[in-house]
Amino acid sequence: MNAWNILNAEPVEAKKPSFTDEAVQTLLYKMTGLDLQKIYRPVKQESKPPSYKLMTDEQLEQAMEKAKEVAKELLKMPPVLNEREPIDDVLAYDKILDGMEPTRIVFTDITFGTPHRERFIVVREPDGRLRKASWEERDRMIQIYFPREGRKLVPACLFKTENLPNMFQQDCHEHVLNLCIVQFEPDSAEYIRVHRETYEDIEKYAKYDVLYSTRHFGGMVWYLANRKRIDGLLINMIQKHMLNDAECLINLYHMLHPETQSAKEAKDLAACGIDLIKIFVNTESQKAGYIELALQTYETLYNTAASS
């Protein structure tokens, strides 16, 4: 390539980070928090007599460390995927079979050990067409032959758009998402819709704490940051004096939107902490006044505590 071509070549667009990138996961895990009381909160189950153990201080410390390791596993975030492409492949059209059967016939490969995504499933239509099964048909047939615990052939009514607000009014967002993970595949339209509607309700009513220190918090942060709607969550973090989390949130925002003025200024000034937050407020925020007020309150309390 000669010098003229080099000078006039279009700049290569930086690759947008993905949810599974190590840097992204690190930031999301930091913001998720590790609240052992919430993670190990009591749940409804069969009543059993409590067990007691006498421990030395060393044994207690080891038990606490083990509990933290288990808690970290429980906070492992579900995948965030793009919606799968619809299946619309016709394999054959046999006119001689037209009208021979009044209903569709589904043929399923039930070979043991075959990955479900590679399993061959086809449908013979009453008009003689032989086509590949749709994703919904595949999910249903796989559940019939290889049932997954907790998953139903017909999804529960609570997943319907008109019923979800009833669950949200009871702050059952985490419960809805837990059931959603069991019922739907992570790249299915229903899985993505239920997560989107859950996040939207949390954002609308600023109920961020219902997912804090759960495996779903990172997915919510990722959703909001991608859509440039982190103001409410940022205010929540500042009000709770979680400045490190607020800094992680803005760093994630800059990773996803490096073209913004906020990202460029922060990079040029190597800003961090409150300075980083102020740059975001002055250049990107849609709720600058609210964030500035939250920062002023935090700084006043911090200075008062430092001087006492």
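At a glance:
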{"read-out": "Residue check for I110: open to solvent by less than 40 Å² (accessible area, probe 1.4 Å) and either under 23 Å from S188 (Cα atoms) or acidic (D, E) (or both)", "value": "no"}
{"read-out": "Selection within segment 20-71 - closer than 24 Å to H195 by Cα and modelled with pLDDT under 85", "value": "I39, Y40, R41, V43, A71"}
{"read-out": "Filter result (hydrophobic (A, V, I, L, M, F, W, C), assigned to a loop (DSSP other than H, G, I, E, B) and modelled with pLDDT of 95 or more) within segment 89-111", "value": "I110"}
{"read-out": "Criterion: in contact with a helix residue (DSSP H, G or I) (Cβ under 6 Å, 6 or more places away or on another chain), in a helix (DSSP H, G or I) and either open to solvent by less than 90 Å² (accessible area, probe 1.4 Å) or of a type in the set (K, R) (or both) - qualifying residue of A271, A263", "value": "A263"}
{"read-out": "In segment 123-155, the residues that are open to solvent by less than 90 Å² (accessible area, probe 1.4 Å) and either within 21 Å of the chain's Cα centre (by Cα) or of a type in the set (F, W, Y) (or both)", "value": "W135, F146, G150, R151, P155"}
{"read-out": "Qualifying residues in segment 59-88 (those that are outside any loop (DSSP other than H, G, I, E, B) and hydrophobic (A, V, I, L, M, F, W, C)) - the one least open to solvent (accessible area, probe 1.4 Å)", "value": "A71"}
{"read-out": "Qualifying residue in segment 189-209 (condition: open to solvent by 40 Å² or more (accessible area, probe 1.4 Å), of a type outside the set (S, T, N, Q) and closer than 30 Å to T103 by Cβ)", "value": "yes"}
{"read-out": "Selection from segment 220-233 of residues that are open to solvent by 10 Å² or more (accessible area, probe 1.4 Å) and either among the hydrophobic types (A, V, I, L, M, F, W, C) or in contact with a Pro (Cβ under 7 Å, 6 or more places away or on another chain) (or both)", "value": "W222"}
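The values are calculated or read from the model by the stated rules, or taken from the named source; none is laboratory data. Being a predicted model, the structure only gives us computed values, none of them experimental. Ideal geometry is used to build each Cβ from the backbone, glycine not excepted, and the neighbour counts take in all protein chains shown. Areas reflect the complete protein model, heavy atoms only, side chains present, ligands, DNA and RNA absent. Shrake-Rupley method; radii C 1.70, N 1.55, O 1.52, S 1.80 Å.
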